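Chemist: Quick one: the structure is below, questions incoming.
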Amino acid sequence: MKDTHTVIVGGGIIGLSIAWRLARAGRRVTIVERGKIGFEASRLAAGILGAAAEVGFEESELYDLCRHSLEIWPDFVRELEADSGMVVDYRSNGTLIVANDRDSTEALRREYAFQQEQGYSVEWLSASDVLEVEPFLSPKIVAAVRAPKDHSVDNRKVLKALHASILKLGGTVLEHTEVRELDMKGPEVLTHLRIGEPLKSSSVVLSAGAWSRQIGGIPEASIPPVRPVKGQILELQMEDPFTLHHVIRGPGAYLVPRSDGRLIVGATSEEMGFDKRLTAGGVYKVLEGAWEIVPGIYDQKMLFADVGLRPGSRDHQPIFGFADDPRLFIATGHFRHGVVLAAVTAMESAKSMLSGLESKKYAHFSPSRFTSS
């Protein structure tokens, strides 16, 4: 029977980030991934690092969490690039949140007022201002909010860098290995696999995304209430002279440029269970929403389209903290905020696991909120 300090169930950006932080602190880690590392929702994310454009008025705790994560992302990138020897294409060009009709402009004004109340760095742009900074936006754009502190990163490069860093730090990564159940009856946790010997550890991190409920042996009160939320996303190649500099968010789509000329366009949000079919209707909806704000995409080369299943929690907010049994740490339910929240989730989760103390600052996101009377 193999021995390890911590087993991480799930090799998406949350599980990898926590494993990396623990490994940097001297913990031995084993990541168990049912498929290929970073190949589910994390691979198909757009890599938006945003608070101003990502969170609504009713989500003040989530807004603060995103802001904190944005503040530490530059350090996260610097350390990760140093550990891995890779570059992850962190772009600090900012984000434009655009409106193209009366209703979306009114909604944007309310959003802008909220952002200002929260002390966030935002700037209102007129239609002429918008076209000056992004000439390829639609002339129908009425106004925009520029959020200079909302950035982006190439999430696929981050995933590769995390994987490489964990291996360099002595971690173990088991791909195409499915966890059957956890046995928490003894002094140590046994992670039983579908095939192979069980893994013995002092602690387990459950970060299996949309599949987090499917792991057996978790005490019923600690099973995280997460479900898959289907997202269809596209990747285009920007061809001269067409180009975008900012992340663009509109009423029906977002567009995220990469330094190598790729353009990520997304995304649907569908309650379809574990359905991973790419559909004509889904692709059309994404393209239509993007075309309305950036008509130049019509002539760009399509590289691929795919489907990811985001883990959505019952209250649409992330879950991270100790389960009733402190040997089990839960980190899931990040929905469409997994990339931006990876930095703060990893930092706070590793801090809690190394100290044995629950985060007081972010107690709002503890799994206990679903069991408290």
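The values are calculated or read from the model by the stated rules, or taken from the named source; none is laboratory data. This is a predicted model, so every value here is computed, not measured. Glycine gets a Cβ as well: all are built from the backbone with ideal geometry, and neighbour counts include every protein chain shown.
Chemist: Name the single residue that is surrounded by the fewest Cβ atoms within 10 Å (Cβ to Cβ) among those in the range 91-110 being under 22 Å from the mean Cα position of the chain (by Cα) and in a loop (DSSP other than H, G, I, E, B). Give the derivation first.
Modeler: Let us first name the residues in the range 91-110 that are under 22 Å from the mean Cα position of the chain (by Cα), namely 91-97.
This time we only want the ones that are in a loop (DSSP other than H, G, I, E, B), so: 92-94.
Working: 92: 13, 93: 15, 94: 21.
Looking at residues that are under 22 Å from the mean Cα position of the chain (by Cα) and in a loop (DSSP other than H, G, I, E, B), I get 92.
Chemist: Moving to a separate point now. Out of everything in the range 171-196 that is under 25 Å from the mean Cα position of the chain (by Cα) and assigned to a loop (DSSP other than H, G, I, E, B), what residue ends up being farthest from residue 32 (Cα to Cα)? Steps first, answer last, please.
Modeler: The first filter runs over the range 171-196 and keeps only residues under 25 Å from the mean Cα position of the chain (by Cα), leaving 171-179.
Keeping just the survivors that are assigned to a loop (DSSP other than H, G, I, E, B) gives 171, 175-178.
Numbers: 171: 11, 175: 6, 176: 8, 177: 6, 178: 7 Å.
My answer is 171.
Chemist: So, one more: Among the residues in the range 277-291, are any in contact (Cβ under 8 Å) with a residue 40 or more places away in the chain and over 24 Å from residue 251 (Cα atoms)?
Modeler: Within the range 277-291, none of the residues are in contact (Cβ under 8 Å) with a residue 40 or more places away in the chain and over 24 Å from residue 251 (Cα atoms).
Chemist: Let me ask another. Report yes if residue 239 is touching a strand residue (DSSP E or B) at 6+ places or on another chain (Cβ under 7 Å), surrounded by fewer than 15 Cβ atoms within 10 Å (Cβ to Cβ) and in the same structural domain as residue 281 (by TED's automatic domain parsing), otherwise no.
Modeler: Criteria met by residue 239.
Chemist: Say we look at the range 195-230 and pick out the residues that are β-branched (Val, Ile, Thr) and touching a residue at least 12 places away in the same chain (Cβ under 8 Å); which of these is farthest from residue 181 (Cα to Cα)? I'd like the intermediate steps shown before the answer.
Modeler: Of all residues in the range 195-230, those β-branched (Val, Ile, Thr) come to 195, 204-205, 215, 218, 223, 226, 229.
Then keep just the ones that are touching a residue at least 12 places away in the same chain (Cβ under 8 Å); that gives 195, 204-205, 215, 218, 226, 229.
Details: 195: 12, 204: 12, 205: 13, 215: 5, 218: 8, 226: 18, 229: 24 Å.
Among those residues, the one meeting the criterion is 229.
Conditions (1) assigned to a helix (DSSP H, G or I); (2) under 30 Å from residue 122 (Cα atoms); (3) of a type in the set (Gly, Ala, Ser); (4) at pLDDT below 95, marked per residue:
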position: 34; (1), (2), (3), (4): no, no, no, no
position: 52; (1), (2), (3), (4): no, yes, yes, yes
position: 75; (1), (2), (3), (4): yes, yes, no, no
position: 87; (1), (2), (3), (4): no, yes, no, no
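Chemist: Restricting the search to the range 251-267, which residues are in contact with a Ser or Thr (Cβ under 8 Å, 6 or more places away or on another chain) and more than 10 Å from residue 237 (Cα to Cα)?
Modeler: Matches in the range 251-267: 251, 256.
Chemist: Restricting to the range 131-165, name every residue that is hydroxyl-bearing (Ser, Thr, Tyr) and either over 25 Å from the mean Cα position of the chain (by Cα) or surrounded by fewer than 23 Cβ atoms within 10 Å (Cβ to Cβ) (or both). It would help to see each step written out before you state the result.
Modeler: Filtering the range 131-165 down to residues hydroxyl-bearing (Ser, Thr, Tyr) leaves 138, 152, 165.
Result: 138, single match.
Chemist: For the range 278-373, which fully contained strands (runs of 3 or more DSSP E) count at least 2 residues that are of a type in the set (Gly, Ala, Ser)? Before the answer, list the steps.
Modeler: Details: elements: 301-313, 319-322, 328-332.
Correct list: 301-313.
Chemist: Still on this structure, I have one more. If only one of 71, 81, 61 is free of Cβ contacts under 8 Å to residues at least 12 places away in the same chain and not in a loop (DSSP other than H, G, I, E, B), which one is it? If you could, list the steps in order and put the result at the bottom.
Modeler: Working: 81 fails: free of Cβ contacts under 8 Å to residues at least 12 places away in the same chain; 61 fails: free of Cβ contacts under 8 Å to residues at least 12 places away in the same chain.
The conditions single out 71.
Chemist: So which of 244, 236 is closer than 23 Å to residue 157 by Cα and in a strand (DSSP E or B)?
Modeler: 236
Chemist: Looking at the range 322-368 only, could you name the residues that are surrounded by fewer than 23 Cβ atoms within 10 Å (Cβ to Cβ), more than 23 Å from residue 29 (Cα to Cα) and out of contact with any strand residue (DSSP E or B) (no Cβ under 8 Å at 6 or more places or on another chain)?
Modeler: The answer is 360, 361, 364.
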